Structure formats: C-alpha cells, structure tokens
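**Student:** Provided herewith is a single structure, encoded as structure tokens, for subsequent inquiry.
The values are calculated or read from the model by the stated rules, or taken from the named source; none is laboratory data. Given the structure is predicted, the values throughout are model-derived calculations rather than measurements. Cβ placement follows ideal geometry from the backbone for every residue including glycine, while neighbour counts extend to all protein chains displayed. When the accessible area is computed, the model is the full protein with side chains, heavy atoms only, and any ligands, DNA or RNA have been set aside. Shrake-Rupley method; radii C 1.70, N 1.55, O 1.52, S 1.80 Å.
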Amino acid sequence: MRRLHRARWVVADADTVINHGHLVVENGTIVSVGTGKGPKGVEVEEHGDTALVPAFVNAHTHLELSALSGRVNGTDGFAPWVRDLLAVRESIPRDELVLAAQRAVTEAEASGTLLFGEISTLGITRPLFENKGTKGIWFQELLGSPEPLSMPAGSKDAPWVSLAAHAPHTTAPGAIKAMKALAAEAGRPFSIHLDESDAEREFLTTGKGPWAEFLTERGIDYSSWPLPADDPVSYLLGLGVVDSSTLVVHLLQAGIPQLRRLADAGATAVCCIRSNRLLHGRVPDIEAMVGAGLTVALGTDSLASCESLSILDEMRAVATCAPGLSPAEIFRMATENGARALGFSERFGRLVPGCSARCLEVTPTSSGRSFSYGWFFDEGLAVRALQ
C-alpha cells in the first residue's frame, strides 16, 4: 500500500531541501520524492509546517554499558575509569545490563537516532538487532590475542554483524589484521578506537608507561608487538587495515599530516565529543579533520561516559567546539556520513528513492518561511520518528 507524506520541507540530504515537498512510500521504502501535492489517489499524511529529514546515525556506541550510567567515575583520568568500569560491569547482573540496553535504544530512537554502530564485548546486545529490529551494525569487539579468530557465529546470514578491534594498544597487531581481513571478506565495516588517550600514545611510542602495566595486569602479552611506533595513526596504517570500510574512533591527538593520511586511505573518523571531554578533558579537532579531507561521522560512546545517546545532543556539542563548521556539515556528519560508514548508504542517510521511509519529522520552535539547519541546535526542537 502506498502512502503520501507532505511537509513544508523535505530534506533529501544536506545539500538538497525541497520546499513544499512530498514523499511517496510503499512497504517501508521511499519510491519517489518531489515538490507539490504529489500523486492523486494515494492515502495522505499531512505534516504541516515541519521538515521530513533522514534519521540520525550513532556510528559508535556501547549500548551494553547503559546500566553503568552514573556508576563510573570519569573525572580521575582514562585508565582509572577503565578499571572502575570493568569492576562495576562485573558486579551488575546480566539481565540488568540487557534491560538497560533496551531502554537506551528506546530513548535514543525517541530522539531521532534510528541507526547504530554498536560495539559489544559481552555479546548481550546482539538480540536487539536480531530479534527486536534495531538497525545498524553489531560489532563483536575483541582485544588481546584471541584464538581461534573467526566471524561471530551465524554472521553469514546476519549482514548486520561484524568485528571490531578494541584499539591498537590493547589488541595484538596480528589479531587486528585478521579481524579486518574477515570483515572485508564478508563485505562488512571494521571499527577500531584510535589515538584516544595519553596512555595509548605513550605506550605505542615507547612500549612503556601505565598502559603497559595495565596490559600486564590483564594478562595481555605485548612483547612481540612492533613497538615503538612514530604515532598511533602511523602504527595502524602500517598494519594495512585502513580503507573506506574502516571506522577510526576518537582521534583526539592526531595532527594534520596523520589526518591527511587517513583521508587518503578513505577512512571515516567517528567523533564522540561529550565522552572525550569527560574522560580526557579535550576534544578532537574536527575542523582540522574536515580541512584535511577526512570524512567525519558522529557517535556517543556509552552512558558510562556520556549523559545521553542522543545524536542531537552530540551535534550541539560539535557546534560549540567547532564553530567553523557549517550547520549543514554537522547535519551531514549525523546522517549521510554515518550511514555510509556503516554500509547503509543505500537505505539510510538520505531521503531518496530506495531509502528507508523510517525518517524523522522535526518541528521548529517557531515557524519561519525557510528551513534552517540551525534548528537542530535549539533545545526545543521536537522530533518524531516515522514508522
């Protein structure tokens, strides 16, 4: 059955806003987009003075840590936070972790985020994607030197399943290369944290420091790793695992030469501004990333280090810390770029024929004659997800 959606504005993508536009939808898919009233003889839903926009994409989150909200101290530095997180997580019953993850998805979807890049070490969030209809990529995260190494069970028939290496300072280089190869063979994206902390940089460039001690405590043998390296980005690029299907997350300290090298390799940088500010007291230079030609998407990390999983909140944080970016560019990071990085560009990130009709109706706080991307930085913006 076809349905016609009419609105004052239809935002097909960050560069295309249709005034007095419409979408024709059939079986959950957009079949046409245009101006004016649209075809006759089709059931109509009028959206009035609102804009229909693509769903937001959270390209990096840890839903399985949602139960840790308010239970982990993030003010003493990154390594203490990790130790605290592991201890608290182990004290929480599995069913409580699962229920908290379910609530987190519901809340995120209510704020307009309908596509997720979920990073999971425990495996407890896979049923959200398998049974409950959550959309995106579920990454099984591994660290150390896992053997034998393979794609998660059943992933052949689950194209939303892939692998993530935790980080170059926690995961053996051979394992990182093997994971990337498995993900590439299956045609899936690959994700890894990169250049996030002082401890990571110190470890990779010297082979020593607090992180070396932490790895030893966790029983991870790093004696055969190619250390020291010039910097974390060079280390990862040297492993040959960075391409257009690789998401590199955080990049808090990478300089312009490193950003350009990542851009040349085709990577997508995923920035989690609010989490970075809490845990590290700094944020990545997103303006430099864009200037270097690097594609940027947005994530939130987890509720253990962030007040919400709302990409709207993340967009507002980016606007504050990167005032040189246009609102349209930030919107692109929250939609198109994230969908492409996760391998969903044919279904999400834009409102064009063939894309999912699961989009958003947004209502500005005050009526106006023209659409403005500045709306999304207003706390009073009303968002409703269309089914």
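**Student:** Quick check for you: with a 1.4 Å probe and neighbouring chains kept, what is the accessible area per residue of the chain, in Å²?
**Tutor:** Working: 15480 Å² over 387 residues.
Counting only protein heavy atoms, the per-residue value for the chain is 40 Å².
**Student:** Report the Cα centroid-to-centroid distance between segment 280-321 and segment 1-64 in angstrom, as an integer.
**Tutor:** 27
**Student:** Can I ask one more? Please give the net charge around Ala14, taking every other residue with its beta carbon less than 10 angstrom from that of Ala14, where Lys and Arg add +1 and Asp and Glu add -1.
**Tutor:** Spelling it out: positives minus negatives among the neighbours equals -2.
**Student:** Per the 1.4 Å probe, what fraction of the accessible area of the chain, in percent, lies on carbon and sulfur atoms?
**Tutor:** Working: 7390 of 15480 Å².
Roughly 48 percent of what the probe reaches on the chain is carbon or sulfur.
**Student:** For the chain, set up a GNM with springs between Cα atoms under 10 Å and report which of Gly41, Gly293, Gly112 has the largest fluctuation.
**Tutor:** Checking each option, the largest mean-square fluctuation is seen for Gly41.
**Student:** Around Gly36, what is the net charge, scoring Lys/Arg as +1 and Asp/Glu as -1 over all other residues with Cβ under 14 Å from its Cβ? Write down the numbers at each step before the final one.
**Tutor:** Values: positive: Arg6, Arg8, Lys37, Lys40; negative: Glu46.
Overall, the nearby charge balance is +3.
**Student:** Under a plain spin-label model, where a point goes 7 Å from the Cα along Cα-to-Cβ, how far apart in nm are Glu147 and Ala87?
**Tutor:** Inter-label distance under the simple model: 3.3 nm.
**Student:** Let me ask you something else. Among Ala184, Gly354, Gly380, whose Cα lies farthest out toward the positive end of the dipole of the chain, if unit charges sit on the beta carbon of Lys, Arg (+1) and Asp, Glu (-1)?
**Tutor:** Farthest towards the positive end: Gly354.
**Student:** How far apart, in nanometres, would the label points at Ala186 and Asn19 be if each is projected 7 angstrom from Cα along the Cα-to-Cβ direction?
**Tutor:** 4.8
**Student:** With a Förster radius of 25 Å, plug the Cβ-Cβ distance of Ser366 and Thr35 into 1/(1 + (r/R0)^6) and report the FRET value to the nearest 0.05.
**Tutor:** Working: r = 24 Å, r/R0 = 0.97.
The value I calculate is 0.55.
**Student:** Under a point spin-label approximation (7 Å from Cα along Cα-to-Cβ), what is the Ile124-Asp230 distance to one decimal in nm?
**Tutor:** With each label point 7 Å from Cα toward Cβ, the separation is 4.3 nm.
**Student:** If you don't mind, there's one more thing I want to ask. Go ahead and collect, in residue order, the members of segment 124-153 whose backbone nitrogen is under 20 Å from a label point 7 Å along the Cα-Cβ direction of Gln387.
**Tutor:** From segment 124-153, the list is 128-136.
**Student:** Let me ask another. When only alpha-carbon atoms count, how far does segment 214-290 stretch along each of its three principal axes, as whole angstroms with the largest first?
**Tutor:** 38, 31, 22
**Student:** With +1 on each Lys and Arg Cβ and -1 on each Asp and Glu Cβ, how big is the dipole of segment 151-248 about its Cα centre, in debye rounded to the nearest 20?
**Tutor:** On the way: 7 positive and 13 negative charges, 80 e Å.
Magnitude of the dipole: close to 380 debye.
**Student:** For Lys40, give me every one of the aspartates and glutamates with a C-alpha distance below 20 angstrom, ignoring sequence neighbours fewer than eight places off in its own chain.
**Tutor:** Partners within reach: Glu26.
**Student:** Spelling out what I want: for every residue of segment 237-251, take phi, set θ = phi - 60°, compute 6.51 cos²θ - 1.76 cosθ + 1.60 (Karplus), and round to whole Hz; glycine and proline get x.
**Tutor:** 4, x, 7, x, 10, 9, 8, 5, 9, 10, 9, 10, 9, 4, 6
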